[in-house]
Amino acid sequence: MVYPYAGNLGGGGFMVYRLNDGTTGSLDYREMAPAAAHRDMFLDSLGHHDSALSTVGGLSVGVPGTIKGIFAAHKKFGLLPIEDLIDPVIALAEKGYVITDKQSARLAQYREVIRETSGTESLYTKVISAGDTIKNIALAKTLKQLRDQGEQAFYGGAMAKHMSQFIQAKGGVIQMEDFQNYEVHWRDPIAFNYEDLEIISMGPPSSGGICLAQIMGMLEPFDLKELGHNSALYAQHLTEAERRAYADRSHYLGDPDFVNIPTEQLLSPAYLAEKMTSFSTKTATLSGAISHGNIVGHESDETTHYSIVDPMGNAVSVTTTINGAYGSKLFDPELGFFYNNEMDDFSAKPGSPNMFGLIGGEANAIAPGKRMLSSMTPTIVLKKGQLWQVLGTPGGSTIITTVLQIILNTQHFNMGMQEAVNQPRMHHQWLPDVLQFEYDGFSEDLLDTLNQKGYKTLKKAHRIIGKVDAIMRHSDGLLEAGADPRGDDAARGF
Ligand code: GLY
């Protein structure tokens, strides 16, 4: 209700959980390609990727999973009646919420494209200033139907018919049957060890868990503390592990219901050690010299995340998205939300970059009913077998490396959670071969040292990497939150 930039009835996401008895699991409520989708749907007559089609308007919309995800989680774990959860949101939609400075600036940035896509009368097309109160009466009506009739109101009846007709009128191909056929999946999370930590994260169709495990597996043999936090040598080590992992991401990862992913081999210590043998601290390994490994036998700051530990010690880490800022920019005036543009997370054309610059491979090609590869990395960390951290972030392709840096900050540099979240961040994703830095916190000397070693560095004004919302459980049971000052993020204890 208060964050149309990334929220979310028109989107999807992933939840990783750990119950107080140690049971872990994950819920995949990722969007899905409609039945009428096809591999070349975003190519023009010359075979070029038309990125406008995959990012804006009806054709960019994947079948939303959020409502099914919320009801599935409630059915399996919920203690409160659904009306207790939805009524406060309905009240907020009817009463309205106050626009912050950051929201006002973002809305101004995207107003023109929202107007072109959704019309001059659309709720978020109007000029909205910081301090204004926004009511969303259409959303309140939608939520009342969901409260009274359950998920079927969204996926089975008049609402599904309306959504498919609305999206088709805007150039899309989603049919009512796509809503009826949408299913969530309970999946095994990716779990791996790093020193005395056990890290539980999201598996495919998110690349987050596998990519994080690969990077941390490549880094574990090195003494990162000795290198110095955010030093040139530290940046080199992270970059070289990240580019090698993202090269594998591009080649091997996609929807596990459509492609075979060699997870065991990708995470084997021998395979990861072999990948790092070409690393020298003297000079950068250029990404052009790296390809996916051979094994025998695919923001920007969109998306959003929340981390919760309840009074019983159960933990959930949820990253949820409509992909780009305000998704497809297509706002449904009858239902009160933006639709996602998640179809851009497929590789529209193998080798052609998506909105995050990620190069996709065959494993992530578009197919009917298939889920697009994600970078979302909702993560739970245990230390010596006890719950230690719940964390995650938005940020498209930078999600994985942001989660990595929070874990390393806390594990190797003795930081609390807020301190770890506040630290400046960097990111490398294989291609483009650029080591990106946040604008504040990295000296020109550091960048010069890296440039001399052959690294292409980039530091742009106002560039931020991720908006982390995380919790650390201290050994005395105290919960410390890290709410990212880069956004309007906040922490609350009840
Ligand atoms: N839409 C961003 C992601 O799933 O990675």
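The values are calculated or read from the model by the stated rules, or taken from the named source; none is laboratory data. All of these numbers come straight from a predicted model, not from anything done at the bench. With ideal geometry, Cβ positions are generated from the backbone for all residues, glycine too; neighbour counts draw on all protein chains shown. Note: accessible area is taken over every heavy atom of the protein model, side chains too, but ligands, DNA and RNA are not part of it. Shrake-Rupley method; radii C 1.70, N 1.55, O 1.52, S 1.80 Å.
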Probe 1.4 Å, heavy atoms of protein chains only: per residue, the accessible area of the chain in Å² is 39 Å²
So for the pair N451, K141, with labels modelled 7 Å out along Cα→Cβ, what separation do we get in nm? 5.7 nm
Descending packing, highest mean Cβ count within 10 Å first, for 29-36, 52-59 is 29-36, 52-59
What number does the chain give for Rg over Rh if you use C-alpha atoms and the Kirkwood radius? 0.95
FRET efficiency, Q149 to E94 (Cβ-Cβ, R0 22 Å, nearest 0.05): 0.70
Please work out how many pairs of lysine residues in segment 1-131 are eight or more positions apart (or on different chains) and have Cα atoms closer than 30 angstrom. 5
Within segment 354-379, which residues have the backbone N less than 20 Å from the label spot 7 Å out from H48 along Cα→beta-carbon, could you tell me? 354-360
Counting Lys +1, Arg +1, Asp -1, Glu -1, what net charge surrounds D469 among other residues with beta carbon under 10 Å of its beta carbon? -1
Inter-probe distance in nm under a simple model that places probes 7 Å from Cα toward Cβ, at S352 and K282: 4.2 nm
Placing each pseudo-label 7 Å from Cα in the direction of the beta carbon, D488 and A367 end up separated by a distance in nanometres of 4.2 nm
Computed FRET value (nearest 0.05) for L79 with E177, which takes r as the C-beta separation and R₀ as 41 Å: 0.75
Among A363, N323, S443, the residue whose Cα sits farthest towards the positive end of the charge dipole of the chain, when +1 is placed on the Cβ of each Lys and Arg and -1 on the Cβ of each Asp and Glu, is N323
Students often forget the sequence filter, so: which lysines lie under 23 Å Cα-Cα from K225 once same-chain residues fewer than 8 apart are removed? K275, K282, K383, K384, K453
Using a 1.4 Å probe on the protein heavy atoms, what percent of the accessible area of the chain belongs to carbon and sulfur? 53 percent
Ordered by packing density, taken as the mean number of other Cβ atoms within 10 Å over each peptide's residues, highest first, how do 183-192, 451-460 rank? 183-192, 451-460
Identify, among L59, S45, Y29, the residue whose Cα sits farthest towards the positive end of the charge dipole of segment 1-59, taking +1 on the Cβ of Lys and Arg and -1 on the Cβ of Asp and Glu, with the dipole about the Cα centre. Y29
Between A158 and S231, the FRET efficiency computed from the C-beta separation at R0 = 35 Å comes out, to the nearest 0.05, as 0.05
Extension reserve of the Q165-D21 stretch, reckoned as 0.36 nm per residue once the Cα distance is removed: 47.3 nm
Please list 91-104, 368-381 highest first by mean number of surrounding beta-carbon atoms within 10 Å per residue. 368-381, 91-104
